[in-house]
């Protein structure tokens, strides 16, 4: 067998040589001859077609196959007449053979107690089918791995006449794995599976004396040459197979990325980053053992001014000796440190825009974005690239214009389970069939688009059902026997049905509460759908629950149920394809002994089967390599070149991943030279990707854990790269790392930078015009304010506004408590933050000269921490009689924690401060204690369902109808509340807040919403503890009265303003500090008319903005040009309706 290997670090050069070789072969054969090219994945096929067409304009008569498929075809051609030749078993088939063997041989588990304890956990009498299914899949994959890398084990397990498929004559004596019980467990399973079916490698190991098929008459049409392109992980077993079984074949291999010093010294190979290519070095040695002729065809392009990227690539390929002069940092190789995933993707978006502006020859298809964990980054990529930004662009005439800028892209390697409505609809069925029939489970199915399409139900109708279920407090589906439970759907349907024939007053006579719905047809459809669904689920439960039913009958019943329940939409061919493939996978279960024997286990098995099938169905968005920027996961054997490559998500946890340390993985138990671990495989992917970058490589990672706010390090691979750059490439004290600002409005984007060749300048360019409102040029601020923030201008905002709550249907709108509070405190700031993400933190400058060295710098922080620890100590408890003692313990812990951090004075000064702080608070505890003692502590009060964990006081979602007929649903959460024993009142604690207007909105709003809750066992009133105390003062306590009609009118007005188009610059501080106000009265107007009061109030606001801007306006609004222009002329009227009800509720 003749073998020629072409090696290069340029995949395009290898494609050119391959095309020339194929063209030469085609010229010698007749027109029907079809060359066979083996590729690692479908992506490579697409790229080769494009590359061939680019060079010669047309491509035809080529066959692309994966490696094992090509070998099967060659074996069939040569040994097709052999009676033992048959279709080879795939890992999927072997998984079921393992499953059946363990299921049908109970004595097998008796021999291996550790496996038995895993498959039959405590509380079960039989095997857990989901664990067995997962175990079978894992073992089947290990068997495939052993066949390629542990043939001595396979020969031992098979016995009989088998031969090694290996290059060289070295014998290997296994001493470690054979001492493990798992070795013999897997030996027994492998032998049992091999008796039922053979794999390709097994057949090849036993093919020494096989009968060859006669040569066909059209043998001249068969491939005499086999092309292997880009197989970077080619196992030595396959090479030995070719050499042993196909000596007549001519192999041409095209290898990307083989290091030029493949036989280098151990010292050179062990340098940082150079071990990434170890698998390539092993492959190079394997090619040498075949006697291959190896030719390096890397094109040497000498450039006077090499970049950091090309220097690093030469280091990877040749070593440090290839480097001569040190380089200055440049934009060819950059490491980005981002504060979060969204900012990471957002920065990449702006960098791509910058590159497109700089280089008119750059196409979107020249750019690739890769992520080790694409499922984690997909939502951010779709949000940023599909949603776009309000951009300031320069047109052909050189003048600025504003429009939404998006970037087209193609994305692949997405699993169907992440995005497919059809698959998610099927998964929502299993909880219902297993008896978990609460409102959450039912509406997860009702909201599914495939369910709605099949049953001809609109999304609006489902929303109305959901609203009815909340209004009627329906949570569960009870049994059909006996009277309906109070909160069951049966009870709700009876109330709705009786509401059509009985008046509301009938409750007094019948003890039954009829409920009259606004839309009778909606109710009828809901009840009819529910009844039909219930009949279907009961039917499939009964059929699949019969002990005598066979596996195929159970499968028929279940798949018929799914076809009747769900249907992919006709306008979605992708969903139809997913449905077809999933039902085909169900068909593969036929004839297999998968049935665990009882209904619950059958469903659990089918659920795991569906979830695994979801992972095996890939979907794509756009046309790969031709529809824009290429986005994909970091996949093996995909070194497709791009001019600019972005690698996202290279954090310490995400990359290069962890090893497979499973007790079933015998290769981990007994490693050998040349083994490639999971970490090494991922490092090899990084090696290929680095070499694939032609002009620039941007690597990025998230430096802060969003959940714990702890600092996160980059991947060890990035740290190795930085070490190489410091030691061999860059000038001293230079770095390629760039720290991205916290948000797109950061001052750093607008600070002047020194002119020169600092590559970091482009990473602080922003095309988002909304960011200019913070620190941008005054001209851009004015233009942005005029175009996007002038709410009286009909041209403003609408073309590029992000969707928000006001885009929902007028019939039902959901508002969150926190959003209403933010809007009330500053309508304009809330709008800028929610619509454009514009937010600037208040920055307080520390003045060391004014701080006293022997006093507490911030005693309020200690009190806040003390209350937090007090709440934590009360978790799921009532406040005890000795609550002061419990609070003392919490305060001591807080003081100790602050002392360790150096926030307390040392020695006697610190002790004095502790005593003064304790005395000050304990004086006020006599007023606090009666308010809290004997009350139950809850982690939070929630209006509607909440995902927060802990002891939550959940109340029904209150609703309010506006004048225009819109129905408003209020949701939200307030943490740390105290509930009275009779459940009549709650207490809210604000440890460091004064009784001021801006601090009173939250309790006032909660009381207003409680007024809407009509259930019997819900709190009616709110008491508030404002815990801030002066040196000799005491905390203030406020108690609201029940059912205030004025509060309901206020809530309506607040909601209408929130949903309206006006976004004025207003503040409760203006209203509270208005000089004409006197405590406890509305105004001392002196007989002046209201119009004159309005003019004086407007003048007061303007003067405050001019002379005391920082006291009344938050940092975000202080950056806007001419804030006075955004104050409405009717500021007095608006403030009176928004702020005066709250003011009187606090101080009347």
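A few comments on the model shown:
- Peptides 451-462, 43-54, 662-673, ordered by how many other C-beta atoms sit within 10 Å of their residues on average, highest first, read 43-54, 451-462, 662-673.
- Relative exposure of 269, 369, judged by other C-beta atoms within 10 Å (fewest first): 269, 369
- All distinct Cα pairs of the range 372-457 go into the 1/r average, and the inverse of that average, the Kirkwood radius, is 16.6 Å.
- Whole-percent pair-distance distribution, where bins are 10 Å wide, for the alpha carbons of the range 421-616: 8, 32, 31, 19, 8, 2, 0
- Computed lengthening from residue 912 to residue 635, 0.36 nm per intervening residue step minus Cα-Cα distance: 93.4 nm
- The range 551-566 versus the range 706-751: alpha-carbon centroid distance in Å: 54
- Between the range 971-1009 and the range 575-597, the Cα center-to-center distance that results, in Å: 54
- Mean separation of Cα contacts under 8 Å, 6 or more apart, over the residue count of the range 91-205: relative contact order %: 30
- Kirkwood hydrodynamic radius over Cα pairs of the range 583-644, then Stokes diffusion coefficient at 4 °C and 1.567 mPa s, in µm²/s: 84
- Highest mean packing comes first when the peptides 573-581, 283-291 are listed by Cβ atoms within 10 Å, giving 283-291, 573-581.
- Share of alpha-carbon pairs per 5 Å distance bin for the range 91-205, given as whole %: 2, 10, 21, 23, 18, 13, 7, 4, 2, 0, 0
- Panel order for 350, 328, 149, 745, by other beta carbons found within 10 Å of each beta carbon, from fewest to most: 328, 149, 350, 745.
- Report note on the peptides 984-993, 942-951: ranked by the mean count of other C-beta atoms within 10 Å, highest first, their order is 984-993, 942-951.
- As a proxy for reagent exposure, ranking 409, 784 by other Cβ atoms within 10 Å from fewest up yields 409, 784.
- Computed over the alpha-carbon atoms, the range 326-382 gives an Rg to Rh ratio of 1.00, Rh here being the Kirkwood radius from the mean inverse distance.
- Length added when fully stretched, residue 519-residue 710, from 0.36 nm per residue minus Cα-Cα: 63.5 nm
Values in this text are rule-based calculations from the coordinates and carry no lab data. From a predicted model like this one, the values you see are computed outputs, not experimental measurements. No Cβ is skipped: glycine too gets one built from the backbone with ideal geometry, and neighbour counts run over all protein chains shown.
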